[in-house]
Amino acid sequence: MTRFIVNSSIVAVSVTMGQIIFCSLSAFAFARLRFWGRDTIFAIYLATLMIPFHVRLVPIFLIMKFLGWLDTYQVLIVPGLFSVYGTFLFRQFFLTIPQELEDAARIDGCTSLGVLRHVIFPLSGPVMATLGLFTFLAEWNDFLWPLVMTSSRQMRTVQVGLALLQNEDFTRWTVLMAGSVISLIPTTVLFLATQRYFVRGITITGMKG
């Protein structure tokens, strides 16, 4: 279980940090920058949410196999560093920030990245907590992706590791229940730590389209 928890922690934390960084950058472009076809591109981009994950699983598996990433941390982390949902969540929040704050920063000489760093990010605690909590929970509880992409016991994550405690002949229920309780501790602690920001983020991001 120790190895499984370490693997899940590395994957969940890395993917969470990646999504906060990359999704915020793309969301800033869609929310604040003006370029031709911005809204159309975003609508098409958002429509990809309708493509089921299971449809994309085999093509992504073949790509990972071609890159030689199967059964490595790369295959567990890199494909999840970016998400359409995360971009949408950040964009909805960025639209609620007054334009006057950005204009004042640009008058003071800030570039677009400067505006994002000095104006947008300091105000984005609620949406960061919301996306961070959603992403961490999703990665920590993910079963299908690690099951398909890893083959050695050393690279298994918590949920796949718990499944290994069961077989068709015998299940060690005491060990399985103990492992399940242990796997709940990080997610429970994270939720309690971010609950205030989480509720506020959900409220704010649903206010403006």
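Just a few scattered comments:
- Top-ranked residue in the stretch 76-92 [being among the small types (Gly, Ala, Ser) and in a helix (DSSP H, G or I); ranked as least open to solvent (accessible area, probe 1.4 Å)]: 86
- Of all residues in the stretch 98-127 being open to solvent by less than 50 Å² (accessible area, probe 1.4 Å), assigned to a helix (DSSP H, G or I) and not small (Gly, Ala, Ser), the one that is farthest from residue 33 (Cα to Cα): 126
- Subset of the stretch 16-52 [part of a helix (DSSP H, G or I), open to solvent by 70 Å² or more (accessible area, probe 1.4 Å) and modelled with pLDDT under 90]: 39, 49, 50
- Unmet requirement for residue 131, which otherwise passes all of (1) open to solvent by 10 Å² or more (accessible area, probe 1.4 Å); (2) touching a helix residue (DSSP H, G or I) at 6+ places or on another chain (Cβ under 9 Å): (1)
- Single residue of the stretch 4-15 satisfying the filter (open to solvent by 30 Å² or more (accessible area, probe 1.4 Å) and either among the hydroxyl-bearing types (Ser, Thr, Tyr) or assigned to a loop (DSSP other than H, G, I, E, B) (or both)) that is modelled with the lowest pLDDT: 9
- Here residue 71 passes the criteria (1) open to solvent by less than 80 Å² (accessible area, probe 1.4 Å); (2) touching a residue at least 40 places away in the same chain (Cβ under 8 Å); (3) under 27 Å from residue 130 (Cβ atoms) except the one numbered (3).
- Selection count where residues are within 17 Å of residue 8 (Cα to Cα), touching a Leu at 6+ places or on another chain (Cβ under 7 Å) and either free of Cβ contacts under 8 Å to residues at least 12 places away in the same chain or among the β-branched types (Val, Ile, Thr) (or both), scope the stretch 151-178: 1
- The set of residues in the stretch 170-183 that are within 18 Å of residue 141 (Cβ to Cβ) and either surrounded by 12 or more Cβ atoms within 10 Å (Cβ to Cβ) or at pLDDT below 80 (or both) comprises 176, 177, 178, 179, 180, 182, 183.
- Residue 148 open to solvent by less than 40 Å² (accessible area, probe 1.4 Å), touching a residue at least 12 places away in the same chain (Cβ under 8 Å) and not in a loop (DSSP other than H, G, I, E, B): no
The values are calculated or read from the model by the stated rules, or taken from the named source; none is laboratory data. Predicted model, so just to flag it, every value in this text is computed and none were measured. We place every Cβ from the backbone using ideal geometry, glycine too, and count neighbours over all the protein chains shown. These accessible areas exclude ligands, DNA and RNA; they are computed on the full protein's heavy atoms, side chains included. Shrake-Rupley method; radii C 1.70, N 1.55, O 1.52, S 1.80 Å.
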